[in-house]
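This report refers to the structure that appears directly beneath it.
The values are calculated or read from the model by the stated rules, or taken from the named source; none is laboratory data. Just so it is clear, the model here is predicted, and its values are computed rather than measured. As a convention, Cβ positions derive from the backbone with ideal geometry for all residues, glycine included, and neighbour counts pool all protein chains shown. Areas reflect the complete protein model, heavy atoms only, side chains present, ligands, DNA and RNA absent. Shrake-Rupley method; radii C 1.70, N 1.55, O 1.52, S 1.80 Å.
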Amino acid sequence: MENASRDIKHMRTEQILNWPDGSSVASSILLSMLPCHFLISPSEPVSRKQTCYPKDAMSLAAKTCWLLLCLTLLLRPQGAVMGEHVITQVPSLVHRTEGQSVTLNCTVRNTSAGATRWSRDTGRGRQPFFNTGGGASDPRVAFILENHLTDKSIRIDNLTLGDSGVYYCDKYRPGPSSEIAIPGPGVTLTVTVRLHSPELQGPSAGRVVVPGSISLNCSVIGPQGTVLSWRKNSNRIREKPKGQLGSVFNLDITAEDISNNITCEASHFNTSKEKTIQLRDHIGRAVLGEDLITQVPSLVTGTEGQSVTLNCTVRDTRAGATRWSRDTGRGRQPFFNTGGGASDPRVAFILENHLADKSIRIDNLTLGDSGVYYCDKYRPGPSSEIAIPGPGMNLTVAAQPDASPSVQAAVRLAVFVLVTLAVLVLCISLYRARGTLPGGRTREGEEKVTEERDTVF
């Protein structure tokens, strides 16, 4: 026992184990901790097949230690060298915005048999995501370098918010095994919401009284830090604090505001989106509440086959055509205008070329003529832009009513009388044509009897 202790006490490493992977420091520390003494041939580097030679005759404890270290060198995994990662995924944190693309890097230094597969954990545990062996994979995902031995990086297109999670690049055992041989460290992907176009809503067309106020509502979907602001034409008039994704804007307007535009702009760093409305699309009345365009009455009824007059008075006599449009349930469509074009031949102005009276008459009504008719003032020139919208007039066309029972009875009686007279006239004509008189007597016999009477007398 004393000899063994003395051998252990005086043991020193003859030479630091020089491993090919550069981990000589770690190796020397390990060897210095063991009660062993080795002599490594300096002319040949240590490898899987290298033999360890004891320097002197050793005790049983020293021989046992020598054997264990040799087994450790022989059984160390291929490609798994001390201090070196077999699978690297850098960077470990990636940030993107929805709709963009991202590359998730993965380098596998172990080139032995076995598939490399990607899995994902979005908060419900690791689930299969993409692999080299086919199977159900997301069509948005593909390898950067197809069939590469070590580079297993992938690209994901058209990111969604649901793609946020931790992505693992794992090396599996050969064959159809679902057992992970070497797990990847994982990379965390964070997908943030992108900046959408704002939604801007205002009052219905032609329902704003001037002077007065108009209320506009703007909302947007966007990332944190989004800023909402309002502009009148090109001038910024209000800005909301960061993070508020909705805003209501009340604006006092006058008759001069008919030509102005109001814009809601959403911005996030260097990205901005906006939505604009034109006030003239919502203003239909003049100063002090006096209507620029009147269409009275607002409800008109007509009968199929008859005619109807739709009234329209335009107090704004500035340049610009007055045109009629109609909504029969499929949106407003052009119907009749002063500038010619394709118009219904049944329609005409009551007073041609009148400055203010733009009333029209529709002849030979049909059931399809029912709808809402608008008398609108347009901007000058060939513009299709409405300057002053009319309030609209609702026309209802009823079907032609059936004749009353008394009229129907009189018609039937008249027909009967006419038929009876016609039959009598026909009978008399036939009698005269054949020369037969009532009672079976003929015209010739009657004349002979008359002559005989005259002779006797």
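Worth pointing out:
- Sole residue being loosely packed, with under 13 Cβ neighbours inside 10 Å and in contact with a Leu (Cβ under 8 Å, 6 or more places away or on another chain), chosen from SER101, SER92: SER101
- Subset of segment 387-436 that is modelled with pLDDT under 80 and of a type in the set (Val, Ile, Thr) - its residue that is farthest from the chain's Cα centre (by Cα): THR436
- Residue match in segment 164-179 (condition: within 27 Å of the chain's Cα centre (by Cα) and more than 19 Å from VAL90 (Cα to Cα)): no
- Of all the numbered requirements in (1) open to solvent by 20 Å² or more (accessible area, probe 1.4 Å); (2) modelled with pLDDT of 90 or more; (3) out of contact with any Ser or Thr (no Cβ under 6 Å at 6 or more places or on another chain), GLY175 misses one, and that requirement is (2).
- Residue ID - modelled with the lowest pLDDT, chosen from residues in segment 233-277 that are within 15 Å of SER213 (Cβ to Cβ) and part of a loop (DSSP other than H, G, I, E, B): THR254
- When segment 333-347 is filtered for residues that are modelled with pLDDT of 85 or more and surrounded by 14 or more Cβ atoms within 10 Å (Cβ to Cβ), the ones remaining, listed by number, are PHE335, PHE336, ARG346, VAL347.
- Residues that are open to solvent by 70 Å² or more (accessible area, probe 1.4 Å), modelled with pLDDT under 85 and in a loop (DSSP other than H, G, I, E, B) are absent from segment 298-314.
- Segment 136-166, residues that are over 23 Å from THR107 (Cβ atoms) and open to solvent by 40 Å² or more (accessible area, probe 1.4 Å): ALA136, PRO139, ASN158, THR160, LEU161, GLY162
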